[in-house]
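Below is one structure, written out as structure tokens; comments come after it.
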Amino acid sequence: MSEGNKPSFFQRLLGLGDDKPKPEEPTPPPKKEPPSEAPQRKPPEKTPAKEEPERERLPKTANAKPAPRRKPHPAPGVSETKAKPKTSLPLEPKRSWFAELRHGLSRTSTALSDNIASVLTKRKLDEETLDRLEEVLIKADLGVAMAARMRAAIAKGRYERGLTPEAVREVLAAEIASVLEPVAQPFALSTARPHVFLVVGVNGTGKTTSIGKIAWHLREAGRTCVIGAGDTFRAAAGEQLETWAQRAGADFVSSQSGGDPAAVAFDAVSAAESRGRDVVIVDTAGRLHTQGHLMEELRKIHRVIAQRLPGAPHEVLLTIDATTGQNGLQQARLFTEAVDVTGIVLTKLDGTAKGGIALAIAHELRIPVKLIGIGEGIEDLRPFDPGDFARALFAAE
């Protein structure tokens, strides 16, 4: 923004025209009086010499003129937040969220469409064709139970325009939406203040990044937030989360490396209450769902939060990497047994050709998918919509 002020300032006081007269010298001499113009342009040649020291000061004035930047800097996290997301989202306004979703699911959708088309070469819906379609769905990580249900739906489908890949995809999209919609729940805050989120998951599922994006979206919605760095085992995790907190304009609560994560959760809730914040998001260390002692630690964190604020945590979000396939179903099952998971954050859907794990979790465990991530941009984490997801998954209109 300071660069926008420089041209007007320098044109009036430093004569940016002095930079332009040099190329203009060859153009006027042929038609206009060279002698008269020569003396007129010699003084400007002296003025740049006089103003050369001023030009040397330009970088200094440019550096000294973060005055426009210092105005938003009373809230440094806020100003930086608005600048950085805009650089990462130049193309966002050009297409709708559904278009982004379809783009993010393109690998899964393309694989499904191609495989369905290859199966329907005979254009005859016999047992062999149904078996092959069911196999295609299982490979897309819909799960055995869900694939069997889809097979039955295809067998009962009416194909007035003939048995085509497009017609089969429409039947599948409708059936998947009917499975997801009863389980679907909006990503919303309760009336309780502060509303407490406990975020859990396996290492590498995008937990910390998802927390930062959630905090950013809440800030954009006018909510105030406290982030508790409950991953006390990895120093890098705390540093990354603190960066996200600054970016989202959120308060940040942490402890020394190796500290008690339950204590961090307690302090985060206490800070939110004393400061009148709307939301608390408590991070936890990544852990394998097979590690019993670490799962017990999660139970302790959950208990401490509940003791500090009755009714909390109001939401337990489990981040699942869509690229893990059916292993994600087992993760959801065991984490739910430990801390009663209330919602799934499905990440990295754009990095897999097997995006059907959301259906398997919803169908078998009845756990709603609350948020989905289809990219690295800050706005690429969005609330889950069953209808849009089903249509994007099978490239249906």
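Every residue in region 221-242 that is more than 19 Å from A272 (Cβ to Cβ) and either hydrophobic (A, V, I, L, M, F, W, C) or free of Cβ contacts under 8 Å to residues at least 12 places away in the same chain (or both), please.
F233, A235, A236, A237, E239
For residues in region 357-397 being farther than 19 Å from L317 by Cα and of a type in the set (A, V, I, L, M, F, W, C), which is modelled with the lowest pLDDT?
A396
Would you confirm, using the coordinates I've provided, whether S178 is within 28 Å of the chain's Cα centre (by Cα) and free of Cβ contacts under 8 Å to residues at least 40 places away in the same chain?
yes
Do you know which of the residues in region 110-128 that are in contact with a helix residue (DSSP H, G or I) (Cβ under 6 Å, 6 or more places away or on another chain) and assigned to a helix (DSSP H, G or I) is surrounded by the most Cβ atoms within 10 Å (Cβ to Cβ)?
Once the filter is applied, the top-ranked residue is I116.
Restricting the search to region 213-227, which residues are over 13 Å from W244 (Cβ atoms) and not aliphatic (A, V, I, L, M)?
Within region 213-227, E220, G222, R223, T224 qualify.
Could you list all residues from region 139-168 that are under 28 Å from the mean Cα position of the chain (by Cα) and either crowded, with 19+ Cβ neighbours inside 10 Å or β-branched (V, I, T) (or both)?
A140, D141, L142, G143, M146 - these are the residues of region 139-168 that are under 28 Å from the mean Cα position of the chain (by Cα) and either crowded, with 19+ Cβ neighbours inside 10 Å or β-branched (V, I, T) (or both).
Name the single residue, out of those in region 289-341 being among the hydroxyl-bearing types (S, T, Y) and farther than 26 Å from V269 by Cα, that is farthest from the chain's Cα centre (by Cα).
Out of the qualifying residues, it is T290.
Within region 167-213, which residues are touching a Lys or Arg at 6+ places or on another chain (Cβ under 6 Å), farther than 13 Å from V316 by Cα and not in a helix (DSSP H, G or I)?
V183, P194
Looking at T290, is it more than 30 Å from I116 (Cα to Cα), hydroxyl-bearing (S, T, Y) and surrounded by fewer than 20 Cβ atoms within 10 Å (Cβ to Cβ)?
When the stated conditions are applied, T290 passes them.
The values are calculated or read from the model by the stated rules, or taken from the named source; none is laboratory data. If you're wondering where the values come from, they're calculated on a predicted model, not measured in any experiment. Cβ coordinates were reconstructed from backbone atoms using ideal geometry, including for glycine residues, and neighbour counts include every protein chain displayed.
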